[in-house]
Amino acid sequence: MTTAMTTAMTTAMTTTTTREPQPAWQATACILCENNCGLLVQVDGRRLAKIRGDKAHPGSQGYTCNKALRLDHYQNGGQRLTSPLRREADGTFTPIGWDTAIAEIAARLANITAEHGGDAILFYGAGGQGNHLGGAYQGALRKALGARYHSNPLSQEKTGEAWVDAHLSGGHTVGDWEHAQVAVFLGKNPWQSHGVPRARTVLQQLAKDPDRTMIVIDPVRTETADLADLHLQVRPGTDAWCLAAILGVLVQEDLLATRWLAEHTTGLEEVAAHLRSIDVGGYAAACGVPEALIRQAAQVIASAESVSTYEDLGVQQSVNSTLVSYLNKLTWLLVGSFGKPGAMQRHSWMAPLASWSTTVRRTPVTGAAMFGGLVPANVIAEEILTDHPRRFRALWVDSSNPAHSLADSASFTRAMAALDLVVVLDVAMTETARHADYVLPTASQFEKWEATFFTTEFPHNVFQLRAPLLDPLPGTLAEPEIYSRMVAALGARPERVTKTLTYAARRGRTAYRLAAMAALASPSVRAVAPTVLYETLGPTLPDGAAAAAVLWALTQRVAMTHKAAMRRAGYGSADELFEAILSSRSGVVFTDETSADSWAAVPHPEHRIPLVIPELLEALDALADGPVRHTSEEFPVVLMAGQRRSFSANTIFRDSTWAARDPEGSLRVSPDDLAAFGLTDGGLARVTTARGTAQARVSVDPRLQPGHAALPNGFGLDVPGADGMPTRTGVAPNDLTDAGHRDAFAGTPWHKHVPARLEPADQGF
Ligand SMILES: Nc1nc2c(c(=O)[nH]1)N[C@H]1C(S)=C(S)[C@@H](COP(=O)(O)OP(=O)(O)OC[C@H]3O[C@@H](n4cnc5c(=O)[nH]c(N)nc54)[C@H](O)[C@@H]3O)O[C@H]1N2
Ligand SMILES: Nc1nc2c(c(=O)[nH]1)N[C@H]1C(S)=C(S)[C@@H](COP(=O)(O)OP(=O)(O)OC[C@H]3O[C@@H](n4cnc5c(=O)[nH]c(N)nc54)[C@H](O)[C@@H]3O)O[C@H]1N2
Ligand code: SF4
Ligand SMILES: [Mo]
């Protein structure tokens, strides 16, 4: 052994023995999309120093995509708020104490309800992609104020689908991706946006398996389309014709699951009558897909043992979106692909994310239908910018950035200015917070107990309660505490019951359950139940997990509504499930479901699915002479304002350096359009729509068809630079969109279909 080697070994040994103990790997989850992949994180000081997938997470099983590894840019990259702020008459913000903030806001809200009623207060948001636990407490504040109007980003995407589902199977449906023989992605690019758990692995498995088929309906040759067996490359906005043609083939070529339909559905004859006359060739031409390919897709779907479909923003934020949801669901219903392995399924919830009802309330001013129980995001500004006596007077925003994410940011900002009171709960000074009267700084999602209610997996539905990785930043509070203080300040805390339940909680869960059931018989207690649980059961929960108190009630609900599935998952009672959630850091399978559960959930007589939705059959007929194009000579290009990419994540990252590639979020154009509009790859373009104009970096993308261009979502944030002045990176997509461009039924936006003009931008722009 040489001296050098001995020295090296001694050094190595010394380093090993004196090395600081490695920080522990702590379990949490990614907060960037609905899959919430389980993560293990090593914290160094206040930094999320090392991040990897958590193999013990029952849903993601160690999987992550590239984005999760950048989460320190969320925790430490943005301009965190550390004090409540009040806007003064001159527009500047004054830091104020929490007690002052809560008292002043409560007094102003009480004045508004006294003068105009609780319906004058609109609540927007209550959780983003990673944080829904706080939202579970917001209901208590809404009820304390008698506020019945609320909304969130689902009203920009899923409400049309929710209404269709409410008619058909009665609730949210999801694909059984691991088992589906045919998987259809409609306006959905899971390679980039996920949605399907462990998406890239599942897509690759589908692509490799010769017995399974993947069909992608997308105008763009996406990464998902690269893996597909059949790519129906529709012209943007023409999916209704494409799906109607597929359905036409199913009926006209006798490809229906006739016996299954007779047994499990009603209304087949009426629906078939509308499909029998469809001019398949004509509709194929309208959507730009070869007729032979449409016929082949129909054959594949009809002969499959099981079909699962996923429709997302490519159709839900485009023309005819509610009709397209209906036609999509008819494709799997008419071939009998519901409630069997590999097919579409109903599923359990820890807490439902919306209401699935065919009885629809309307908004107070414009009378817009509130599918899913939500005020359509696209009408909010109109509901405010009017002298109508029932207009909204106050807006409460939590975990959302509507001044950036709703169509036509300029009109939304004007609407905010017209209100008597705007309160924003956020971790950072956002485009929305900037226009608030009060900004309340919250602890980040890694500084508090958190969870999401994106429990949409079948057959193994997963719920994870995340423990904090770090202490809250001084000056911040978690949302459950803010809601609890607000309810108390409004005088809505039931003092006597709170005392009784505090005492019962100390005596154990059984005593607590009995006392809580008695107390909840009173409507005024029930109204603020979440904050009562937080204040009474909360303090008895281990490790400061008071925010988990609401889960006690939710697990009781699971035990009532999904008892058998909960038992199959290994929990004999609600309390057993609650304890498992509290002690498991990587999440639990809370229900193990079967296709029989799917059928049991169908709420109609004999669990038969009624196929007829009269309004939508009328809309189907209207396609025969409906407008196929919405572009014009002035605005010849269809701009997709908000494409999901490998470095886009809504507006969760405010630090533009998080993106390892394309930090400006370029405007993608087809090679033909590059030439046609005189643009240069890497140069600047001016994008103009009827609503606004913006300048973007051009990147040529052969995946796009001519006449179709794309900007990413989440860009164009106004973040203070080194000099304190706001600097903007990339284009804010909703400077270009029009709130009036929305679905006739659901009011959902046409973000993916914005007629635009592209020109070279000179340096002086
Ligand atoms: N990387 C990343 N992932 C995300 C997010 C993110 O910001 N970044 N956000 C999350 C959120 S909030 C959501 S809701 C999901 C959304 O996930 P997706 O819906 O998958 O995302 P998009 O890229 O908006 O649109 C999907 C596809 O629609 C296609 N499309 C555009 N126009 C049309 C059309 O007329 N017809 C059809 N059939 N397709 C069309 C586009 O080419 C695109 O491939 O992603 C989630 N995941
Ligand atoms: N043009 C166009 N517009 C779109 C879309 C599009 O494709 N094109 N997509 C739409 C879709 S699908 C969606 S989902 C929306 C998303 O848009 P938004 O609803 O605005 O959601 P995010 O951008 O995710 O913003 C989340 C906010 O929560 C804050 N936050 C983070 N952590 C916490 C926390 O712990 N507590 C609190 N209180 N706040 C926190 C963040 O700072 C951020 O301000 O955008 C919609 N708007
Ligand atoms: S798929 Fe990616 S962005 Fe979505 S939760 Fe998992 S790691 Fe995060
Ligand atoms: Mo979304």
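Taking segment 298-324 as the range and being within 13 Å of ligand 1 (Cβ to nearest atom), part of a helix (DSSP H, G or I) and of a type in the set (Gly, Ala, Ser) as the test, the residues that pass are GLY314, SER321. Within segment 31-68, the set of residues being among the hydrophobic types (A, V, I, L, M, F, W, C) and either more than 22 Å from PHE463 (Cα to Cα) or within 13 Å of ligand 2 (Cβ to nearest atom) (or both) comprises ILE31, LEU32, CYS33, VAL43, LEU48, ALA49. Confirm whether LEU206 is surrounded by 17 or more Cβ atoms within 10 Å (Cβ to Cβ) and touching a helix residue (DSSP H, G or I) at 6+ places or on another chain (Cβ under 6 Å). For LEU206, the condition - surrounded by 17 or more Cβ atoms within 10 Å (Cβ to Cβ) and touching a helix residue (DSSP H, G or I) at 6+ places or on another chain (Cβ under 6 Å) - is not met. Residue selection: LEU261 fails the criterion of being touching a Ser or Thr at 6+ places or on another chain (Cβ under 9 Å), in contact (Cβ under 8 Å) with a residue 24 or more places away in the chain and away from ligand 1 (no atom under 14 Å from the Cβ).
Within segment 188-203, track down each residue that is touching a residue at least 40 places away in the same chain (Cβ under 8 Å) and crowded, with 17+ Cβ neighbours inside 10 Å. Give the steps one after another, and end with the answer.
Step one: filter segment 188-203 for residues touching a residue at least 40 places away in the same chain (Cβ under 8 Å), giving 188-190, 192-201.
Within segment 188-203, LYS188, ASN189, PRO190, GLN192, SER193, HIS194, GLY195, VAL196, PRO197, ARG198, ALA199, ARG200 meet the criteria.
Taking PHE453 as the residue in question, decide whether it is surrounded by fewer than 24 Cβ atoms within 10 Å (Cβ to Cβ), within 16 Å of ligand 3 (Cβ to nearest atom) and among the aromatic types (Phe, Trp, Tyr). Yes: the conditions hold for PHE453. Across segment 394-441, the number of residues qualifying as farther than 20 Å from ARG80 by Cβ, more than 16 Å from ligand 1 (Cβ to nearest atom) and either of a type in the set (Phe, Trp, Tyr) or assigned to a helix (DSSP H, G or I) (or both) comes to 11. Out of curiosity, is ALA225 over 26 Å from ALA601 (Cβ atoms), touching a strand residue (DSSP E or B) at 6+ places or on another chain (Cβ under 6 Å) and away from ligand 2 (no atom under 16 Å from the Cβ)? So ALA225 passes the test. Annotation note: of ARG70, ARG86, ARG80, the sole residue that is modelled with pLDDT of 95 or more and either in contact with a Pro (Cβ under 9 Å, 6 or more places away or on another chain) or on the phi > 0 side of the Ramachandran plot (or both) is ARG86.
Residue-wise test of (1) over 20 Å from the mean Cα position of the chain (by Cα); (2) among the charged types (D, E, K, R); (3) farther than 30 Å from ASP673 by Cα.
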{"position": "GLY721", "(1), (2), (3)": "yes, no, yes"}
{"position": "THR727", "(1), (2), (3)": "yes, no, no"}
{"position": "LYS752", "(1), (2), (3)": "no, yes, no"}
{"position": "ALA756", "(1), (2), (3)": "yes, no, no"}
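Counting residues in segment 637-659 that are without any contact (Cβ under 8 Å) to a residue 60 or more places away in the chain, assigned to a helix (DSSP H, G or I) and away from ligand 4 (no atom under 16 Å from the Cβ) gives zero.
Can you pull out the residues in segment 614-627 that are at pLDDT below 95 and within 25 Å of ALA756 (Cβ to Cβ)?
Scanning segment 614-627 gives GLY626, PRO627.
The values are calculated or read from the model by the stated rules, or taken from the named source; none is laboratory data. On a predicted model such as this, the values are computed, not experimentally measured, just so you know. Cβ: placed from backbone, ideal geometry, glycine included. Neighbour counts: every protein chain shown.
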